[in-house]
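One structure is given here, and the rest of the page talks about it.
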Amino acid sequence: MRIACPFCGSRDLREFSFLGDAGAAGAGLPGAGPGAGPGAGAEAGADAGPGAGPDADAGARAEAVYLRDNPAGRHRGLWYHEAGCRSWLAVTRDTRTHAIFAVELAREGAR
Amino acid sequence: MRDVQSHRLDAAGLVDRARPLGFRFDGRAYEGFLGDTLASALLANGVRLVGRSFKYHRPRGIVTAGPEEPNALVALREGARREPNSKATAVELFDGLSARSQNRWPSLAFDAGAVNGLLAPLLVAGFYYKTFKWPSGFWERVYEPAIRRAAGLGRSSGLPDPDSYEGAYAFCDLLVIGAGPAGLAAALAAGRAGARVILCEEDFALGGRLLCERDAVDGRPAAAWAARAVAELATLPGVTLMARTAVFGAYDGGTFGAVEKVSDHLAVPDPGRPRQRLWRIAARRSVLAAGAIERPLVFPGNDRPGVMMAAASRSYVNRFGVLPGRRVAVLTATDDGWRAAFDLAERGARIEAVIDPRPAGPPALEERARRLGARLLRGGRVAGTHGRLGLTGVTVAAAGGRTERLPVDLLVMSGGYNPNLALTTHLGARPAWSEEIAAFVPGGLPPGMSVAGAARGTLSLGAALREGHAAGREAAEACGLGGCAGEAPRADDEAAGLAASWPVAGARKAFVDFQHDVTVADVALAHREGFRSVELLKRYTTLGMATDQGKLSNLNGHALMAGLLGRPIPEVGTTAARAPTVPVAIGALAGHARGRHFKPTRLTAGHALAAERGATFVEAGQWLRPQWFAAPGEADWLATVTREVRAVREAVGICDVSTLGKIDVQGPDAGAFLDRVYVNGFSGLPVGRARYGVMLREDGFVLDDGTAARLAPDHFVVSTTTANAARVMKHLTYCAQVLWPEADVQLASVTEAWAQYAVAGPRARRLLEALLGAAADVSDAALPFMGAREFEWAGVPVRLFRLSFSGELAYEIAVPAAYGDALGRALLAAGAFLGVAPYGSEALGVLRIEKGHVAGNEISGTTTAGDLGLGRLMSRKKDFVGRALAGRPGLVDPDRLRLVGLRPLDPAGRLSGGAHLLAPGAAATTANDLGYVTSAAFSPSLGRWIALALLRRGPERIGEHLRAVDLLRGTDVPVEVCPPVFVDPEGVRLHA
């Protein structure tokens, strides 16, 4: 598989490492509800101490951190160009064929 | 004394008769020529018997002239370079080559294992499953060892491979796979149009069938045209010709795997050259022009040495100048097969008969064959073959059934062509059935691939050239290249004249799969016993499971099953082909990643100095770190480490800590950023100060610990543990780019940019004063505990931190890595009068255990900050990664295992890492387990063994007596639970 890094061009899979579902990024942060998008935790919850939320929330948040969908088909995942420019990329691909539909900087997708 | 080349022609072929090459087969000396394969050279010397079959040990000869060969498998070379199951038809001859036949004892001509042939009625498909069932206890002790001895063809040498391998990447607009007519035409068209082309050919010669047939292209003999085409390709700047390179797999994103046999045509690789090179080729487009493989016919005795594919016989006579037989019968179900009769007759063979099972065919072929004096048996068949170790005759049956025995030494056969389409299926596409050529042809294709010539089922030369040309031109256009592709080469459109001739049940000793001895009867048995899908047929009979992966046999076997089932072949289907399409040595896949080169070895700037000082090194991730510095007269490593620890506690020691990760964090939001990644706060840290911090994972467990120093309001340098340096960098970039893209912060890994030494011990300040002189004030007032300073010393930028891992008065001094060696030497020189000693990672470990500092043993991915006694660091005033989930009930459960110290009750008692903690009198069971020892060391400061441990409700048990039970080492040591800080718990020395 090859990924077209926005900075480095088309590069071999071995330069990248995979993290997981882009939609789950930051799900474990304070203030981030389950399924909240990237960056959602940055502003909220400044005064809440550890374990402040109800247990039900903690359970749902733990699920958001630990459980992932495993779709056969379109999937938007986070990849790290570790042996390249160290950019985090959001790569949309078909998990069955590895056809890549879109590669964008996670930084931009998160805004 | 060498044998004469009895079957070598005087003129024909592309071998260089001025370049004789000596070789040995089964110890006997022969001669061949440059340009031969081992198979062609053996045939030139009249050698027909080259191996014994897998199951029945039947005599076998050379069947093909290419990499699809099922029979002529030999052990190539001697000693550590011996390679079993080498295909003689694909081995390029070199001077001094040595090969041995396989699967025979005591000799090839007299093989005791041939007794299996008499047992053939017993050794049918499923024999193992039916026979070795009982008694069950016999399987491991008797059956399996016996079967393992009998299994397999060749034997590996068992010695380490003396050769080297390497990996390489290549990039192109167009990858052309196969340098036959279609491939050469494609490469020419695309190369002329300006494309970057890579042309891979498995053979050592470029040209494919053009080298083996007596056709004409553009009015020239085919081989001469091929030579001109190759010469033109060599002049095109964007074209790379790669002979001896087999493309073995198609992967995602236009990536292909190929193995280049760089040195296999030499006795020994040239110095500095690899034996093979593994290529990863990234191609925008690809043209598969891998040709087709001729299909055998299935008839009684079709495996006897002297029975050969018709196209292979033309390769031997036309390319290698070898006459594979002098009296020949031709058995062909195709018009194409008749060409063998004409080509062999042209070079002096006597054609006894042409047997064609089809009732009618082109009269011109028959007229030409009749002029050769050959008998024509339309609608005929071969009823049997004769000759103990090689063909001496065939029994043919005419259409009416009348049989006759003909004296021949060569029987060539042609059953049609199977396109080489495996690379089209690697990404999941399935082949499609072509009624026209009675074979599977490519169905779907990988993105960017097109197929041309025989690989597509196009079996006439003219059409193959046109297809190749068009595919090359289109690929160049698709890449945006508009140069002139030139004209397509021209040749005859003579059709191959194919008609299906499938095996039928009933024939005796008619082999479907030569390499695994699968006969018509075995397939029929599988059908009778219900193993009817092609996948079950494969596993029950082992059809297609040999090293040739069924290249010759699969379709015949499947067609036979289809006939038995009364269903069409495409409905019965075919098994899936997977990469690699050719055997690839594990060594080639591994490349340089072997032995100590399995991973890179990273050396610090101080490595040479440490080696000079007699360091013993230890692997720490990819790094080599000094473990200890043994002095003369020290009894063992423990004596050495004890001395090093004492030097630090009583005088001063230096330790290379360059391997710790260093991350530069800069930007207006640097402080706020660190507040979010550490559990404790950093935005309030004054410039010129450092702070210890702990990072959590998003799930609330500890990720790593270390210090961060503030060098300027917008500039921090973060240190990580050696093991987690890359992980923390990845985590921090994730936080900065994905979680908080709005933060104005930049990160850079500077681990290798700085060499860093710890200077620790009560005399550390005196050493630095001696070293730095007026360059820096290192007094306690100017540089208090956790202070950080940047300054220049002798023109070199220096970072000096007052940090302590050992618990002593200590500093870490960093200089650009290029000065690391000089810094280490200067420290030793400046400290000589203070008794400075270098210390290694082992002493570092003892020092930190004595101080109760956690390290990788404790930060194991299962511990929380609270478990490690670091819970008080967790800020309640701010967000940080991991805070929310660190508050889950399971992570704050008071019953968790928490950090404590341990002391043996007996001062002479010895503790070991991994020992489990039990109450006195409790049985050593999981239910009674209270925790375990994470780190243990002999403490020179206390004169006894000590340990750190994770203990259930640990801090509440201080003063309790437990047992440290190590079932692996068989020890059971009574211990007392104590606080984890063994030396200077008040921290007086730190602040000295």
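Residues in region A:100-111 that are among the hydrophobic types (A, V, I, L, M, F, W, C) and within 9 Å of another protein chain (Cβ to nearest Cβ) were compared, and the one that is surrounded by the fewest Cβ atoms within 10 Å (Cβ to Cβ) is A:ILE100. Looking at B:LEU767, B:LEU783, B:LEU747, just one residue is surrounded by fewer than 22 Cβ atoms within 10 Å (Cβ to Cβ), more than 14 Å from every other protein chain (Cβ to nearest Cβ) and at pLDDT 95 or above, and that residue is B:LEU783. Within the option set B:ALA187, B:ALA168, being under 21 Å from B:ARG280 (Cα atoms), of a type in the set (Gly, Ala, Ser) and surrounded by fewer than 24 Cβ atoms within 10 Å (Cβ to Cβ) holds for one residue only, B:ALA168. When the residues of region B:750-764 are narrowed to those that are in a strand (DSSP E or B) and among the small types (Gly, Ala, Ser), which ends up surrounded by the most Cβ atoms within 10 Å (Cβ to Cβ)? Among residues in region B:750-764 that are in a strand (DSSP E or B) and among the small types (Gly, Ala, Ser), the one surrounded by the most Cβ atoms within 10 Å (Cβ to Cβ) is B:ALA760. Screening region B:631-682 for residues that are farther than 28 Å from B:LEU885 by Cα and of a type in the set (Lys, Arg) and picking the one that is surrounded by the most Cβ atoms within 10 Å (Cβ to Cβ) gives B:ARG649. Counting only helices (runs of 4 or more DSSP H) wholly contained in region B:819-908, the ones carrying 2 or more residues that are more than 11 Å from chain A (Cβ to nearest Cβ) occupy B:820-831, B:841-851. Across region B:235-254, a minimum of one residue is classified as more than 20 Å from B:LEU421 (Cα to Cα), in a helix (DSSP H, G or I) and over 19 Å from the mean Cα position of the chain (by Cα). Please verify whether B:GLU742 is surrounded by fewer than 16 Cβ atoms within 10 Å (Cβ to Cβ), modelled with pLDDT under 95 and either among the basic types (Lys, Arg) or not in a strand (DSSP E or B) (or both), treating the condition exactly as stated. For B:GLU742, the condition - surrounded by fewer than 16 Cβ atoms within 10 Å (Cβ to Cβ), modelled with pLDDT under 95 and either among the basic types (Lys, Arg) or not in a strand (DSSP E or B) (or both) - is met.
Residues considered: B:VAL328, B:VAL317. Of these, the only one that is modelled with pLDDT of 95 or more, over 43 Å from the mean Cα position of the chain (by Cα) and surrounded by 20 or more Cβ atoms within 10 Å (Cβ to Cβ) is B:VAL328.
When region B:709-739 is limited to residues that are in contact with a helix residue (DSSP H, G or I) (Cβ under 6 Å, 6 or more places away or on another chain) and in a strand (DSSP E or B), the one that is nearest to the other protein chains (Cβ to nearest Cβ) turns out to be B:THR720. Of the candidates A:GLY45, A:GLY23, A:GLY33, A:GLY59, the single residue that is facing chain B (nearest Cβ under 7 Å), under 22 Å from B:ARG697 (Cβ atoms) and at pLDDT below 95 is A:GLY45.
Looking across region B:658-684, the residues that are β-branched (Val, Ile, Thr) and part of a loop (DSSP other than H, G, I, E, B) come down to B:THR659, B:VAL679.
Does B:GLY773 qualify as being in a helix (DSSP H, G or I) and away from chain A (no Cβ under 14 Å)? Yes; evaluated as a whole, the condition is true for this residue.
Per-residue answers, yes or no, for (1) at pLDDT 95 or above; (2) buried (at least 17 other Cβ atoms within 10 Å of the Cβ); (3) within 30 Å of B:ASN554 (Cα to Cα):
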{"residue": "B:VAL15", "(1), (2), (3)": "yes, yes, no"}
{"residue": "B:LEU21", "(1), (2), (3)": "yes, yes, no"}
{"residue": "B:THR37", "(1), (2), (3)": "yes, yes, yes"}
{"residue": "B:GLY46", "(1), (2), (3)": "yes, yes, no"}
{"residue": "B:ARG52", "(1), (2), (3)": "no, yes, yes"}
{"residue": "B:PRO59", "(1), (2), (3)": "no, yes, yes"}
{"residue": "B:GLU78", "(1), (2), (3)": "no, no, no"}
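So which residues in region B:1-59 are part of a helix (DSSP H, G or I) and among the aliphatic types (A, V, I, L, M), if there are any at all? Within region B:1-59, B:LEU38, B:ALA39, B:ALA41, B:LEU42, B:LEU43, B:ALA44 qualify.
Matching residues to (1) under 30 Å from B:ASP252 (Cβ atoms); (2) out of contact with any Asp or Glu (no Cβ under 6 Å at 6 or more places or on another chain); (3) in a helix (DSSP H, G or I):
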residue	(1), (2), (3)
B:GLY443	yes, yes, no
B:ALA485	yes, yes, no
B:ALA496	no, no, no
B:HIS516	no, yes, no
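Of the residues in region B:368-383, not one is touching a Gly at 6+ places or on another chain (Cβ under 6 Å) and not acidic (Asp, Glu).
Residue check: B:ALA282 meets all listed conditions (1) assigned to a loop (DSSP other than H, G, I, E, B); (2) in the same structural domain as B:PHE248 (by TED's automatic domain parsing) but one, namely (1). If you go through region B:441-458 and keep only what is touching a strand residue (DSSP E or B) at 6+ places or on another chain (Cβ under 6 Å) and either closer than 21 Å to B:ARG214 by Cα or not polar (S, T, N, Q) (or both), you end up with B:VAL441, B:PRO442, B:GLY443, B:PRO446, B:GLY448, B:MET449, B:VAL451, B:ALA452, B:ALA454, B:ALA455, B:GLY457.
For region B:28-39, the condition of being outside the structural domain of B:GLN515 (by TED's automatic domain parsing), within 16 Å of B:LEU323 (Cβ to Cβ), touching a helix residue (DSSP H, G or I) at 6+ places or on another chain (Cβ under 6 Å) and in contact (Cβ under 8 Å) with a residue 60 or more places away in the chain holds for at least one residue.
Taking region B:504-519 as the range and being over 37 Å from the mean Cα position of the chain (by Cα) and in contact (Cβ under 8 Å) with a residue 40 or more places away in the chain as the test, the residues that pass are B:VAL504, B:ALA505, B:ALA507, B:ARG508, B:LYS509, B:ALA510. Considering region A:87-99, the residues that are at pLDDT 95 or above and within 9 Å of another protein chain (Cβ to nearest Cβ) include one that is surrounded by the most Cβ atoms within 10 Å (Cβ to Cβ), namely A:TRP88. Checking region B:110-123 against the condition returns a match, with at least one residue being of a type outside the set (D, E, K, R), surrounded by fewer than 21 Cβ atoms within 10 Å (Cβ to Cβ), farther than 23 Å from B:GLY325 by Cα and touching a helix residue (DSSP H, G or I) at 6+ places or on another chain (Cβ under 7 Å).
The values are calculated or read from the model by the stated rules, or taken from the named source; none is laboratory data. Computed from a prediction, not measured in an experiment: that's the story for all the values here. Virtual Cβ from ideal backbone geometry, glycine too; neighbours counted across all protein chains shown.
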